[in-house]
1. Within segment 55-97, how many residues are under 18 Å from Tyr33 (Cα atoms) and of a type in the set (Asp, Glu)?
2. Please verify whether segment 114-134 includes one or more residues that are more than 14 Å from Ile23 (Cα to Cα), outside any strand (DSSP E or B), charged (D, E, K, R) and in contact (Cβ under 8 Å) with a residue 24 or more places away in the chain.
3. With respect to the numbered conditions (1) within 25 Å of Leu48 (Cβ to Cβ); (2) in contact with an Asp or Glu (Cβ under 7 Å, 6 or more places away or on another chain); (3) surrounded by fewer than 16 Cβ atoms within 10 Å (Cβ to Cβ), which one is the sole condition not fulfilled by Pro105?
4. Name the residue that is modelled with the highest pLDDT, counting only residues in segment 1-34 that are part of a loop (DSSP other than H, G, I, E, B) and touching a Leu at 6+ places or on another chain (Cβ under 8 Å).
5. Does segment 41-93 hold any residues that are surrounded by 15 or more Cβ atoms within 10 Å (Cβ to Cβ) and among the β-branched types (Val, Ile, Thr), and which are they?
6. On the basis of being assigned to a strand (DSSP E or B), in contact (Cβ under 8 Å) with a residue 12 or more places away in the chain, in contact with a Phe, Trp or Tyr (Cβ under 8 Å, 6 or more places away or on another chain) and not charged (D, E, K, R), does Val88 make the cut?
Amino acid sequence: MKKLLILLVVFLMSLAYYTNSFIVMIKEYDPVYSIYIAKENIKTEYDLSFSQALHKKFISGETAGQSARFQGGSSDVKELIKRLDIKVVDEQNLANIKIIYGFSPRLGKPVIINNKKVNIQIAQRCAIITVGTPLILGSY
């Protein structure tokens, strides 16, 4: 009975982890993921599928960041902001790239930028959207 209870607790914790995971939250956009693993030096795993990204996140534990890239437009950015309960704290337009900095209570630890909490960055260049948490660590 004790083993069954332990198994149930582990299952429920795993379920909570995966359903609150950035990787899972944006799965419907069919993105390509990058995981930035925080060990001695930051190691990057690029161009991962959904299952590969979940696996890397699970086995590496704490990450320096995660990002995803997918095709989309302004309506997808608006939908993403709504779905993730993002409070936009800053917006910039740089060389035909729209960049949004925000905070979502559904995501991990924030970084502080201009005295504001930020744990998600969204960049849109033409029809490509790159999303990173806490920031986009690669290119966009």
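1. 2
2. no
3. For Pro105, the failing item is (1).
4. Of all residues in segment 1-34, those part of a loop (DSSP other than H, G, I, E, B) come to 1, 20-21, 26, 30-31.
If we keep only those that are touching a Leu at 6+ places or on another chain (Cβ under 8 Å) as well, we get 21, 26.
On the way: Ser21: 73, Ile26: 84.
The selected residue is Ile26.
5. Thr63, Val77, Ile81, Ile86, Val89
6. Values: assigned to a strand (DSSP E or B): yes; in contact (Cβ under 8 Å) with a residue 12 or more places away in the chain: yes; in contact with a Phe, Trp or Tyr (Cβ under 8 Å, 6 or more places away or on another chain): yes; not charged (D, E, K, R): yes.
Criteria met by Val88.
The values are calculated or read from the model by the stated rules, or taken from the named source; none is laboratory data. Here the structure is a predicted model, which means the values were calculated and not measured. Quick reminder, even Gly has a Cβ in these numbers, built from the backbone with ideal geometry, and neighbours come from all protein chains shown.
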